[in-house]
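Accompanying notes for the structure given below.
The values are calculated or read from the model by the stated rules, or taken from the named source; none is laboratory data. Source: prediction; values computed, not measured. Glycine gets a Cβ as well: all are built from the backbone with ideal geometry, and neighbour counts include every protein chain shown.
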Amino acid sequence: MGRMPNSLLARARIEGNPIIDSETATFLWQGKTAPRLIDDFHGWEEHPQPMQRLASGLWAVAVKLPADAYIEYAFSDPKTKTQYPDPLNPRSVWNGVNAYNHYFYMPEANPTPLAQPGKGIARGTVSRREVACELLAAGKKRAVYLYRPPTEKPAPLLVVYDGLDYLRRAKLAVIVDNLIAQKRIRPLALALLHNGGRARYVEYGCSDVTLAFLTETILPLARQYLKLVNVEKQPGAYGVLGASMGGVMALYTGLRLPEIFGKVLSQSGAFTLWERPSAAMELVRHASRPELGIWMDVGRMESLLDDNRDMYALLQEKGYRVSYREVSGGHNFTTWRDDLWRGLEEMFG
């Protein structure tokens with residue numbers, strides 16, 4: 001790789017893994033043998049990257065990356081698929097499934113400062129409620145988190161699929177607090193729905209039963225505890241947000257209930273389900289166009305990129321009001337968190 005192994009290792013011990021020079025990230029590993037590198041930019045286990053031996057007990061692999069990228073990665077045993085922690089990178093984040101990934105930002109990327117609590121600002125309050133599921137959702141009860149903005153005036157509502165993840169991992173309430181304080185969005189209330197666990201794919205797979213759960217259970221709960229604008233007098237004033245399966249469910253919600261949810265924020269939506277067009281895609285293609293504002297973003301390093309490009313092109317063809325962004329990241333809540341403020345400003349600014 002054109003550099004002395006000892007100097008690379010010395011840098012890694014000071015700077016951490018990987019060593020970044022301009023647009024090149026060099027990952028190091030110490031050991032008799034080397035694991036494979038799995039990461040956002042190689043499709044994880046689809047294309048594990050072998051490491052080259054630099055010296056006795058020292059291995060490396062170098063990758064060129066966009067200068068504005070956020071990256072998650074892990075080291076994996078090529079035979080057992082066991083993941084090993086990187087002793088040269090203390091930064092790790094839960095992947096939402098089964099492990100912690102290591103992460104880093106390239107030189108022109110940074111975490112959004114909006115995810116840090118603002119000093120001296122008015123903050124909203126978050127309360128936890130439980131609702132009975134009955135026949136409309138999996139399980140007997142479901143947790144719902146309600147965010148009340150720091151205002152006495154009625155506010156529009158944003159319903160959030162995978163709400164607990166958005167609350168804890170994407171710091172959504174903190175971001176909304178900061179955007180309101182900076183007068184970048186109007187005061188906004190949130191209803192954050194915990195997903196159905198193993199039933200998540202069923203509930204978010206363009207399900208009319210989930211829509212009934214929203215209208216019959218979640219909206220009455222939100223009206224009981226939050227001061228909301230009257231959506232009958234302001235049709236389409238509410239919004240809906242989701243990522244991945246939640247992203248396609250968010251669009252489906254807007255398409256089916258535009259008189260309530262006129263603002264859709266879809267992050268990395270899964271618009272093709274098991275190689276078949278989703279019901280959301282078919283509605284866009286064949287049904288009459290409702291009044292909707294749509295925000296979409298997607299990572300350039302994820303498998304759903306083509307799905308989102310196809311959906312964006314279809315929405316444009318059918319005359320929808322849609323904003324679309326591709327970002328240098330993968331399929332994870334940090335990427336969604338760092339870009340979400342733009343969608344909130346677009347829909348509620």
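Does at least one position in the range 80-91 carry a residue that is surrounded by 13 or more Cβ atoms within 10 Å (Cβ to Cβ), modelled with pLDDT under 95, of a type in the set (S, T, N, Q) and not assigned by TED's automatic domain parsing to the domain that holds Asn178? Yes, the range 80-91 has at least one match. Applying a threshold of 6 Å to beta carbon distances and a minimum spacing of six or more residues, or different chains, the list of pairs starting in the range 9-38 at a residue that is under 20 Å from Ser76 (Cα atoms) and ending at one that is aliphatic (A, V, I, L, M) and surrounded by fewer than 12 Cβ atoms within 10 Å (Cβ to Cβ) is empty. Considering the conditions (1) in contact (Cβ under 8 Å) with a residue 24 or more places away in the chain; (2) under 19 Å from the mean Cα position of the chain (by Cα); (3) surrounded by fewer than 18 Cβ atoms within 10 Å (Cβ to Cβ), Gln267 is excluded by exactly one of them, (3). Quick check on the range 37-68: of everything there that is touching an Asp or Glu at 6+ places or on another chain (Cβ under 8 Å) and in a loop (DSSP other than H, G, I, E, B), which residue is farthest from Arg300 (Cα to Cα)? Looking at residues that are touching an Asp or Glu at 6+ places or on another chain (Cβ under 8 Å) and in a loop (DSSP other than H, G, I, E, B), I get Ala67.
How about the range 11-33: which of its residues are buried (at least 21 other Cβ atoms within 10 Å of the Cβ) and within 18 Å of Ser56 (Cα to Cα)? The answer is Ala12, Phe27, Leu28, Trp29.
Listed conditions (1) among the basic types (Lys, Arg); (2) buried (at least 18 other Cβ atoms within 10 Å of the Cβ); (3) farther than 21 Å from Thr112 by Cα are all met by Lys171, apart from (3).
Annotation note: Cβ proximity below 6 Å between a residue of the range 142-153 that is within 10 Å of Ala173 (Cβ to Cβ) and a residue that is charged (D, E, K, R) and assigned to a strand (DSSP E or B) (sequence gap 6+ or interchain) occurs for Tyr145/Arg128.
Let me spell it out: the conditions are (1) surrounded by fewer than 24 Cβ atoms within 10 Å (Cβ to Cβ); (2) within 18 Å of Leu211 (Cα to Cα), and His286 meets all of them except one. Which number is the exception? Against the list (1) surrounded by fewer than 24 Cβ atoms within 10 Å (Cβ to Cβ); (2) within 18 Å of Leu211 (Cα to Cα), His286 comes up short only on (2). Filtered by the rule that a residue be over 14 Å from Gly247 (Cβ atoms) and either assigned to a loop (DSSP other than H, G, I, E, B) or at pLDDT below 95 (or both), the range 312-349 gives Lys318, Gly319, Tyr320, Ser328, Gly329, Gly330, Gly349. Within the range 183-193, restricting attention to residues that are surrounded by fewer than 19 Cβ atoms within 10 Å (Cβ to Cβ) and touching a residue at least 40 places away in the same chain (Cβ under 8 Å), the residue that is nearest to Leu157 (Cα to Cα) is Arg186. The set of residues in the range 98-134 being in contact with a Ser or Thr (Cβ under 8 Å, 6 or more places away or on another chain) and part of a strand (DSSP E or B) consists of Tyr100, Asn101, His102, Tyr103, Val131, Ala132.
Sort through Gly96, Gly163 and tell me the only one that's in contact with a His (Cβ under 9 Å, 6 or more places away or on another chain), within 17 Å of Phe333 (Cβ to Cβ) and not hydrophobic (A, V, I, L, M, F, W, C). Spell out the reasoning first.
Details: Gly96 fails: in contact with a His (Cβ under 9 Å, 6 or more places away or on another chain).
None of the others qualify; the one that does is Gly163.
Could you list, in sequence order, all residues of the range 281-304 that are farther than 14 Å from Trp336 by Cα and in contact (Cβ under 8 Å) with a residue 12 or more places away in the chain?
Looking only at the range 281-304, we keep the residues that are farther than 14 Å from Trp336 by Cα, and these are 281-294, 303.
Passing the criteria: Met281, Leu283, Val284, Arg285, Ala287, Arg289, Pro290, Glu291, Leu292, Gly293, Ile294, Ser303.
The listed residues are Ala137, Ala132, Ala122, Ala99, and the only one of them that is of a type outside the set (Ser, Thr, Tyr) and touching a helix residue (DSSP H, G or I) at 6+ places or on another chain (Cβ under 6 Å) turns out to be Ala137.
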